[in-house]
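Here's the structure we're looking at; comments come further down.
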Amino acid sequence: MFPVGDSHAEPRRLPPGYYADNVLAVCAVVDRRYGDVLTESERELIDELRRLDEAARRLWVRLVSRRGPLFRRDRLSYPEVGDIDRALARLVEAGFVDEGASAPIEERLAVLRVPELRALARTCLIDPAVTARRKTEWMTTLRDHVDDAALRAALDRISTVVRPLRLAELEVLRLLFFGDLDHDWSAFVVSELGIVRYETVALDRASRFFSDRRAIDDMLALYRFRHRLATTDDLDQIVAMARQAATAEWHAVARPRLERTVVRVARGLERHGRCDDALALYDAATTPPARERRARLLADRGRLADAIALCHEIVEAPRDESEAVFAPRFLHRLRRARGERMPPPPRRRRPRRTLRIERAPVGLKEAAGLKEAAPIEELVLEALGGQGFFAENFLWRAIFGLAFWDIVFAPVAGAFQHPFQVGPFDLGAHFRPPREAAITQRLTELKGEDDLRPRLLSVWRDKHGIANPFVGWRSWEPIALACSRLTGRQVAWVCDRLSRDPRRYSRGFPDLFLFDTASPGFRLLEVKGPNDQLRPEQGAWIDHLNAGGLPTEIVDVRWSG
C-alpha cells in the first residue's frame, strides 16, 4: 500500500539521494509483484543495486536518468555523491559502468563542444579551408577526414568518458512498475513534493497488469516498433514494418495498443495517397475505427459491393457505439449510390430554438488582444436571465467521479500498476464488465435517493485534492446547485451511460445548466454559434438525456443588428 499524505501539507524539500531511494522502491515493488517472471539478469540487477554502497548507487541513478549514452568524467559533479572517482571505480568493478571505449565514434564525438571539435579538426591536420558551423557538421567532417583509430586516440587525450550499463534491465523494471515506458522517475518527485496527491490502491501480485513473461516481452517489442516508426520517413519501410507487426501474434495486453498504432499509420498512409496499403492495415486491425475507415476507402475506390458487405457485418455486430451509429447511415448512402431506390433516412428531431442576441461590443482591449470578449455561452446565459451556470463536461464528470469513487479505484486486475495513477488503465469500453455488480448496485442506490448532496459532499470532503480522472477540484457550489434540482434517478441515468465507456462518453455534455420554474426545475442547453455544427457525441448525449427525463435543447445563436 502507498499512503496518501495530508491534503493541506506544504510542499516538502527532497532529501539528498531521493532519486536513488526511489529506484530501490521500484525494485522492491517489482520484486514483490513480478519476481516470478523476471529474467536472471533482471533479478541480478535488483540484488546488486541493493548491495551497492550509497554513493555508487546515487551516481549510477544520476547517470541513467540523464540523456546519454556517454558522459564526460570532467563534467560529473554531484555533492551528495562525494568522491566521484571512488564511486566510479566501485561501479566499474560491479559492472554498472564502463569507459565507453567501444562506443560508436559518433557517440564519442557528441560529448565534445563545438570549440573542442574545431580544435580537434585542426589537431588532426584537416585542411584549414574546411569549415563548419554546426556541431553535426564538425562531427561529419571529422568522421570523413580522419582515420577511426587516430580519431579515437585523439579523443582519449581530450576527455575520459563513462557509459552506464544495464539499461535494458532497468527499462524492464520501469515497464513493470509503471505499466508503460511513457512515465519516468519525475512521477516520484511530483508526489514527494506534494504537488499531486494520489489515491491509495492496493498493489499486489493478484492485480498485476502483466500476467506472464510473454506479455512483458511483447510490450517491449511494441515500444521498439514504435521507435522504429518514429525514426524513419521511408513510407515503403513503414508499410513493411506495420504489415509485419499487424499480422503477427501479440499478447492480449499489447494487442490493443499495437492496433491503435497500426490504425494511426494507416491514417497517415491515406493522407499520402497510399490507400491500398492503408486498406491492408485496416483489414488486419479489429479496433475501431478500422472497419469504418476500411468501408469508406472501399467506397471511394468504387468497390461498393465490398463496402456494403462490410457495413452489414458491422450492423450485425458493432464493436462500439461509433460503429453502431456509422454503419446504418453509411449503408443507406452506399445502397443509394448503387442505384437502389431508398427512402430518405429518418431525421431525428431534437428540441431546438433560435436565440437572437446582441453581440458584445469589442472594446480597445479586446481589439488589442489584451482581454477576451465574453464567451457565447456567457452571453446566452445573460440573455436568458442568468439563472444557471456553465456546466459542460465538468459537472457530470464530477458527479460520476464522486458517486463512483470507490468503484473507480477498486483493485481490479490489471487496472492499477503504480501508485501515481490518476485513474485505472481500463477507462474505455472495458471499464464496466469487471465492475458490473458494483456499478449496478450503486445505480440502484442512486435511484432510491431524493437528495444526492450528502453522499457527494461526504466524498468531496474526504477526498478533496486527490487526483481523479473525473473530478476537477474547482468548486462544490455548482455540483450542489445542480443536485438541488436533479433526482437520483436522473443522475443514475447519466452515470449508467457514462460507466459503459468513461473515456468516450466523458465528452459532449450540454454547455449550460439553466434553472427553470417549470418541472423538473432545470433545462440543459447546448449552445451553437452561427458557424457551429453539432458533433456526433453531443447529439448522442442530447438524445440520451431527453430520453431519461433531463430536458435538453439546442440553442442556435444569431447575432441581432
Per principal axis, descending, Cα span of the range 458-524 in whole Å: 38, 27, 21
Taking only the alpha-carbon positions of the range 22-164 as identical scatterers, the Debye log10 I(q)/I(0) at q = 0.09, 0.17, 0.18 Å⁻¹ comes out as -0.38, -0.93, -0.99
How large is ³J(HN,Hα) for each residue in the range 241-247, as worked out from phi by the Karplus curve 6.51 cos²θ - 1.76 cosθ + 1.60 (θ = phi - 60°), to whole Hz, x for Gly and Pro? 5, 5, 5, 5, 5, 5, 9
Please list Tyr223, Tyr18, Tyr34 from largest to smallest accessible area, probe radius 1.4 Å, with all protein chains kept in place. Tyr18, Tyr223, Tyr34
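Suppose only helical runs count, i.e. DSSP H with n ≥ 4. What mean residue ellipticity at 222 nm does that imply for the chain under -39500 (n - 2.57) per run, divided by all residues and rounded to the nearest 500 deg cm²/dmol?
Working: 27 runs with 293 residues, N = 561.
So the helix-based figure for the chain works out to -15500 deg cm²/dmol.
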Where the centre of each part is set by its Cα atoms, how far does the range 260-276 sit from the range 131-151, in angstrom? 39
Starting from a Cα-only point model with no solvent, please compute log10 I(q)/I(0) by Debye for the range 405-561 at q = 0.09, 0.11, 0.19, 0.20 1/Å. -0.34, -0.51, -1.40, -1.49
Would you tally the net charge around Glu249, using a Cβ to Cβ cut-off of less than 11 Å, leaving Glu249 out, and scoring K and R as +1, D and E as -1? +1
Based on Cβ point charges of +1 for Lys and Arg and -1 for Asp and Glu, what charge dipole magnitude is obtained for the chain about its Cα centre, in debye rounded to the nearest 20? 1660
For mean projected area of the Cα convex hull in nm², several values are listed as [x] 35.8; [y] 53.3; [z] 25.6; flag the one computed from this structure. [x]
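For Thr552, Thr287, give the ranking by accessible area with the largest first, probe 1.4 Å. Each step should come with its number before you reach the end.
Values: Thr552 5, Thr287 35 Å².
Descending accessible area places them as Thr287, Thr552.
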Under 5 Å from the placed amide H of Glu199, counting only residues 5+ away or on other chains, we find Ala467
Using a 10 Å Cβ count of at most 14 others and DSSP loop calls, identify the longest part of the chain lacking such GluC sites (Glu not before Pro). 1-248
Would you mind pulling out the separation of the Cα centroids of the range 212-238 and the range 468-547, in Å? 40
Just read off the accessible area of His227 with the full protein assembly in place, 1.4 Å probe, to the nearest 10 Å². 120
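Between beta-carbons, use under 15 Å as the cut-off and find the net charge around Trp473, counting Lys and Arg +1, Asp and Glu -1. Don't skip to the end; give the middle numbers.
Values: positive: Arg197, Arg397, Arg461, Lys463, Arg474; negative: Glu199, Asp462, Glu477.
Summing Lys and Arg as +1 and Asp and Glu as -1 gives +2.
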If the chain between Asp543 and Ala305 were fully extended at 0.36 nm per residue, the gain over the current Cα-Cα distance would be 82.4 nm
Radius of gyration and Dmax for the range 256-305's Cα atoms, expressed in Å? 10.1, 31
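Would you mind telling me the antiparallel percentage of the DSSP bridges in the chain, rounded to 5? The partial results should precede the final answer.
Numbers: 11 of 23 bridges.
Percentage antiparallel, nearest 5: 50.
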A student applying the Cα gyration tensor rule (rounded when a/c is under 1.5; otherwise prolate if a/b is larger than b/c, oblate if not) would label the range 159-256 oblate
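Provide the per residue accessible area, probe 1.4 Å, for the chain, rounded to a whole number of square angstrom. Before the final figure, lay out each step's value.
Values: 28890 Å² over 561 residues.
About 51 Å² of surface per residue is accessible.
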Rounded percent of accessible protein surface that carbon and sulfur make up, the range 86-211, 1.4 Å probe: 52
What list of ³J(HN,Hα) values in whole Hz, one per residue of the range 441-457 in order, does the Karplus curve 6.51 cos²θ - 1.76 cosθ + 1.60 (θ = phi - 60°) give from phi, with Gly and Pro shown as x? 4, 5, 4, 5, 4, 5, 4, x, 9, 7, 10, 8, 4, x, 4, 5, 5
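If you take the C-alpha gyration tensor of the range 48-112, multiply each eigenvalue by 5 and take the square root, what semi-axes do you get, largest first, in whole Å?
On the way: eigenvalues 88, 34, 20 Å².
Over the Cα atoms of the range 48-112, the semi-axes work out to 21, 13, 10 Å.
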Cβ-based net charge around Arg335, under 13 Å, with every Lys or Arg adding one and every Asp or Glu removing one: +4
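How much length is gained on full extension from Glu382 to Arg489, taking 0.36 nm per residue of separation minus their Cα-Cα distance?
Values: separation 107, 0.36 × 107 = 38.52 nm, distance 2.98 nm.
Taking Glu382 through Arg489 to full extension adds about 35.5 nm, to one decimal.
The values are calculated or read from the model by the stated rules, or taken from the named source; none is laboratory data. A quick note: this is a predicted structure, and the numbers were derived from the prediction, not measured. Using ideal geometry, Cβ is built from the backbone for each residue, glycine included, and neighbour counts are taken over all protein chains shown. We work out accessible area using only protein heavy atoms, side chains counted, and drop any ligands, DNA or RNA first. Shrake-Rupley method; radii C 1.70, N 1.55, O 1.52, S 1.80 Å.
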